């Protein structure tokens, strides 16, 4: 059936549409060319005056896997005040900062999101992560697999194995864990913490292997380039949260020497040591470096005031952060000679100097990085704030006077320490469409996403144009996923199950023999049992597997 | 929700060169099986007593029963649906099943307004309370195997409960690179001679179970540099405690291994003390704990229920979710007469039967072995064993690795997920 969405104002940066009034036609889940006679459309929905964008994409949100589930189990108090009533969604659920899988899927859809990416999947935990993603309805999904703290890679680097060997290992890991991209967290630092190192700078050697974070970053970024993955190496750098880490981040950018990388939740990596409290904003310096480095993209990891929980693979830094747990409980883990994690509940307080300045630093970053194609809207859910705060964040970016009003309410010393009040920039609808739709789709290589051109998947969000952008973005009037109406006036009307996006780059199978030997000798699980099969991801037909091309596969 | 089945002839599945054992939460994945004429198995390699007993069971050759009378599966499913539909407050107990079984339980519980608890619910709830009260620093099997130079096993006969833990984690050689320099020392804290011998413990700190918490707290005080007033705190020599404290301080990676279920009535204070010991050590060196538990699909039930509902079992489904970690214990519900129907699941055939005071005539039982109470149940439905009769996924004791368990025989027995999905369709 042909459906016509009539009279909307189209914000489609992928195709240069900046508010042009034009009809959209949908058929069989795709956007199609306008027919010669508009009356061919059997269904016509009048959306005159409405703001129309493609479906939104969250490039970095912790929604599935072991540490996310620890967060859920740890915080019944988070759920008790946020129980979803039976008549609200197709299934029960709960949770503010640590929602159940189904609730997360419904809420994302109700904000106009059609795809979400779990950025920290362990190969050893990949099966569980995929089962949780399979139980996250409404949205398409995918995951980035962690490398760079696994003993296998560090041993290979210490043994000076050639780059081709490392690429084979990276490719095997992507296949086995059904991942879309590679993420590195505190390169070598999580492993170093197991050897009782408490910090690891970019050029400091891991005590176990004598390898530096810089070597790991370069090796992985090279592998990602050689394999031809669409998404660059996803980097959670060294020294997260440490005052002065702005230098580490600048060093990291320089150290890439032109290799592509995505720096994630960069707000947490942009701290100076100036001022009485030895804590200051490094946002301007990072933004300047990013503006000059076209090989680098970033997402912000904006914090919002209130209760949340921090869930990270960075056991080293989470251990340090556990002193600030609120309430006073936290979990750390060393995991399978591969990774680690730290789960620490936290409350960001607007009266606290450091928290208030963190808030300002994130906003400075958004406003000082020039190119919206290289900066994505995230709160590093739930680490900076739950994803449900995105509409509020969009208002902060689009509405200068609202931003200044909010700034006036935070810790006064933090107000004095930020340049935020002097920044006039306001994001346009076009720029919001870039940073939440077109740019993440390009960065992840998601063909058919982030675009409203004929041929694109019919992922469409329709908003009532309201001066209050928070209200506007919190409750789209219509959300279509693959041409199907799934949300009406901010409420799920149809439960759907999205696809899982992966890459399957080819590799020399000789690596499998080495891995078999290694796993059989040293690990407590056989290599082949880590492998998540295509059938499992499809979950008996409930989900679809979309395999994206790489340089080493089609 | 249909269960995931092994499609015959699919090239997508790894070849079943070695089997993953479903009969405890270690989920050893290096077993070799030989099939016997009755479709049971002998374990040719890397078995243990529990594996041998589990694999020796032939698939259940029983029809479904309605009030003790043989009945076709379809009819039994229909009666089960009616029984659950009539109930005001059903409990889904036992829950000894795989991830897909729990997924199906949650979906059905939403329709029946049921409460979920597991046959090992008390020990699992203690872990949840520790998580919700203080948290912990934990480790996993491969980390213990490769990194732990000092393993303190607390009051559990690992050889009885988790026989292969010794082979896989204590005896195995660590990978070069993270090898502890001076080898691995194993210390046993607890009662008796058998357990430390079977474990191959290098040192034993002998203490009776009722003194365990006091000994752990005395060890903690010693670690913190406090002088103990008593020369023999809880019957242990202060010098032995000081020796162990010294070893812990010097260890590069100490691991405390315990079994929540075995700690019995001292469980929660003992676990809190273990958590404190680990935290104290992590101030200067590295340490972690490893809880061995979650058998009979317990780890899978907790995790799956948590991601689907937000709560780790003992959750009730209704207009909203309700989490009552004490009031929704199977025992408390039965004592309070709060339950008017029971769905009881024992897919591993470990004879995890309903408590004797359960309302058997209003019980739907799904099991892979036939207990004596089967004929007294309102409905009894035979099901397959996960990983023997159908493909299954189970979460390991350390709550990190989820193993795929390939089908090993063609018994035609349905999975729990399959049966519950059909009950839901009839509901």
Checklist entry - Does residue B:6 fit the bill of being within 14 Å of another protein chain (Cβ to nearest Cβ) and modelled with pLDDT of 95 or more? => result no
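Residue-wise test of (1) more than 21 Å from residue A:340 (Cα to Cα); (2) over 21 Å from the mean Cα position of the chain (by Cα); (3) buried (at least 23 other Cβ atoms within 10 Å of the Cβ).
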| site | (1), (2), (3) |
| --- | --- |
| A:206 | no, yes, yes |
| A:212 | no, yes, no |
| A:215 | no, yes, no |
| A:218 | yes, yes, no |
| A:226 | yes, yes, no |
| A:231 | yes, no, yes |
| A:237 | no, no, yes |
| A:240 | no, no, yes |
| A:247 | yes, yes, no |
Checklist entry - Quick one: would you say residue A:436 is buried (at least 19 other Cβ atoms within 10 Å of the Cβ), within 14 Å of another protein chain (Cβ to nearest Cβ) and not in a strand (DSSP E or B)? => result no
Checklist entry - Would it be correct to say that residue B:421 is more than 26 Å from residue B:51 (Cα to Cα) and either touching a residue at least 24 places away in the same chain (Cβ under 8 Å) or within 19 Å of the chain's Cα centre (by Cα) (or both)? => result yes
Next on the checklist: Please go through the range A:190-221 and give me each residue that is closer than 22 Å to residue A:122 by Cβ and more than 14 Å from chain B (Cβ to nearest Cβ), ordered by number.
Outcome noted: A:200, A:213, A:215, A:216, A:217, A:219, A:220, A:221
Checklist entry - Of the residues A:239, A:291, A:245, which is touching a strand residue (DSSP E or B) at 6+ places or on another chain (Cβ under 7 Å) and modelled with pLDDT of 95 or more? => result A:245
Checklist entry - Which residues, counting only those in the range B:149-163, are over 15 Å from the mean Cα position of the chain (by Cα) and outside any loop (DSSP other than H, G, I, E, B)? => result B:150, B:151, B:152, B:153, B:154, B:159
Checklist entry - Do we find that residue A:503 is buried (at least 20 other Cβ atoms within 10 Å of the Cβ), in contact with a helix residue (DSSP H, G or I) (Cβ under 6 Å, 6 or more places away or on another chain) and at pLDDT 95 or above in this structure? => result yes
Next on the checklist: Please list, ordered by residue number, the strands (runs of 3 or more DSSP E) wholly in the range A:1-69 having 3 or more residues that are closer than 30 Å to residue A:100 by Cβ and at pLDDT 95 or above.
Outcome noted: A:56-58
Checklist entry - Pairs under 7 Å by beta carbon, first residue closer than 17 Å to residue A:384 by Cα and within 12 Å of chain B (Cβ to nearest Cβ) in the range A:308-336, partner buried (at least 24 other Cβ atoms within 10 Å of the Cβ) and modelled with pLDDT under 95, six or more apart or different chains? => result none
Next on the checklist: Considering only the range B:121-141, I want to know if a residue exists there that is more than 9 Å from chain A (Cβ to nearest Cβ), out of contact with any helix residue (DSSP H, G or I) (no Cβ under 6 Å at 6 or more places or on another chain) and outside any helix (DSSP H, G or I).
Outcome noted: no
Next on the checklist: Take residue A:340 and tell me if it is under 20 Å from the mean Cα position of the chain (by Cα), crowded, with 21+ Cβ neighbours inside 10 Å, over 16 Å from residue A:265 (Cβ atoms) and in contact (Cβ under 8 Å) with a residue 24 or more places away in the chain.
Outcome noted: yes
Checklist entry - Are any residues in the range A:79-109 more than 8 Å from every other protein chain (Cβ to nearest Cβ), surrounded by fewer than 24 Cβ atoms within 10 Å (Cβ to Cβ) and not in a loop (DSSP other than H, G, I, E, B), and if so, which ones? => result A:107
Next on the checklist: Being touching a residue at least 40 places away in the same chain (Cβ under 8 Å), facing chain B (nearest Cβ under 9 Å), crowded, with 24+ Cβ neighbours inside 10 Å and at negative phi: is that true of residue A:118 here?
Outcome noted: no
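The values are calculated or read from the model by the stated rules, or taken from the named source; none is laboratory data. Computed from a predicted structure; not experimentally measured. With ideal geometry, Cβ positions are generated from the backbone for all residues, glycine too; neighbour counts draw on all protein chains shown.
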